[in-house]
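The values are calculated or read from the model by the stated rules, or taken from the named source; none is laboratory data. These figures come from a predicted structure and were not determined experimentally. FYI the Cβ positions are ideal-geometry reconstructions off the backbone, even for glycines, and counts take in every protein chain you see. We work out accessible area using only protein heavy atoms, side chains counted, and drop any ligands, DNA or RNA first. Shrake-Rupley method; radii C 1.70, N 1.55, O 1.52, S 1.80 Å.
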Amino acid sequence: MQSRHTGIKQKSLLATNIKVEQLLADNLPPPPQNIDNNFQILDLGAGKGFFTKIIYTILEQKGFTPQNHLKACDCNLGEYAFNEFIPCEFGDFNQGLKYEDDSFYCVISMEVIEHLEDPFKYLRETARIISKGGFLLLTTPNILNLASRVRYFFNGTYQLFGFLPQDPLLFRGCYQHINPLSLVYLSFILKKNNFRLEVTTDRFKKSSLFLYCITKPFFLLAKFQTIKRLQNKEKQLYEENKDIIPLMYSKTIFCGRTLIIKAIKH
């Protein structure tokens, strides 16, 4: 993996970057004999350019010319440190995306959506710019791991989502976590926009693993009861969510630190 050697400081968690790097490398098409410049990857929310450089390296290793196939976009151009190779374009993601329909094969959105005022609009726009058969790699804090649920029970806030200041001088704009989104609601938005989901995580939290060992039998019973209730009383709702319900009771969700979604557009 290249993640440890970019020379640019990452803003998101290193384990998250490594996992997304692996997913990207595993899902790019074969060498580019028959691929023209319409094959594009977008690092959406590029930050300092840490992951942009990783994508650049992956493309080089696979025989692509990165400058022809890679774009970066962020709202804070002053922090971006990879302009020499891939210039960063300005984008206010709360206002929409300036790119044309079906213009990207892959969009990377790492630790972005939880900062935005309107995640529904953001994912509609992301779906619009991804071509059919292309995919989105999306990461956000997993608010449903058991340690986060315990925090919510006592404090009313999830892990990594605290109380928010009203004073604009204290509110840190795009750096503040303002939208905690669970897999249930992300799944709803993504499916509404013609995506099919695959879900994983970067690593398991030790505190959540401990709680999982204690509570697993109770959650297995809850899973069984949930499925039976939906099958008996709300069959259509069950059919529309039968891929997500098992995930909601999985080790990935109960113990995973970061929610990582590969969403394929169909």
- Query: Can you find even one residue in region 111-124 that is farther than 23 Å from Tyr212 by Cβ, open to solvent by less than 10 Å² (accessible area, probe 1.4 Å) and of a type in the set (Ser, Thr, Tyr)?
  - Reply: yes
- Query: Name the pairs whose Cβ atoms lie under 8 Å apart, with the first residue in region 178-197 and farther than 16 Å from Ser131 by Cα and among the β-branched types (Val, Ile, Thr), the second modelled with pLDDT under 95 and open to solvent by 30 Å² or more (accessible area, probe 1.4 Å), and 6 or more positions between them or separate chains?
  - Reply: Ile178/His115; Ile178/Glu117; Ile178/Leu164
- Message: Just to be sure before I move on: is Phe64 farther than 22 Å from Ile261 by Cβ, touching a residue at least 40 places away in the same chain (Cβ under 8 Å) and buried (at least 20 other Cβ atoms within 10 Å of the Cβ) in the structure I sent?
- Response: no
- Note on the structure: Per the filter on region 226-247, residues of a type in the set (Ser, Thr, Tyr) and in contact with a Leu (Cβ under 8 Å, 6 or more places away or on another chain) are Tyr238
- Out of all the residues in region 125-142, which are part of a strand (DSSP E or B) and of a type in the set (S, T, N, Q)? Ser131, Thr139, Thr140
- Mind listing just one residue for me: the one in region 220-244 that is within 23 Å of Thr140 (Cβ to Cβ) and surrounded by 16 or more Cβ atoms within 10 Å (Cβ to Cβ) and, of those, farthest from the chain's Cα centre (by Cα)? Asn241
- Message: Tell me the residue from Asp74, Asp92 that is modelled with pLDDT of 95 or more and either surrounded by fewer than 15 Cβ atoms within 10 Å (Cβ to Cβ) or within 16 Å of Ser12 (Cβ to Cβ) (or both), please.
- Response: Asp74
- Identify, by number, the condition in (1) farther than 26 Å from Val20 by Cβ; (2) open to solvent by 40 Å² or more (accessible area, probe 1.4 Å); (3) of a type in the set (A, V, I, L, M) that Leu247 doesn't meet. (1)
- Message: From the list Phe195, Phe210, exactly one residue is surrounded by fewer than 16 Cβ atoms within 10 Å (Cβ to Cβ) and aromatic (Phe, Trp, Tyr). Which is it?
- Response: Phe210
- Message: Looking for something touching a residue at least 60 places away in the same chain (Cβ under 8 Å) and either touching a helix residue (DSSP H, G or I) at 6+ places or on another chain (Cβ under 9 Å) or not polar (S, T, N, Q) (or both) - is there at least one such residue anywhere in region 152-167?
- Response: no
- Message: Quick check on my filter: what residues within region 180-195 are part of a helix (DSSP H, G or I), in contact with a strand residue (DSSP E or B) (Cβ under 8 Å, 6 or more places away or on another chain) and not polar (S, T, N, Q)?
- Response: Leu183, Leu186, Leu190, Lys191
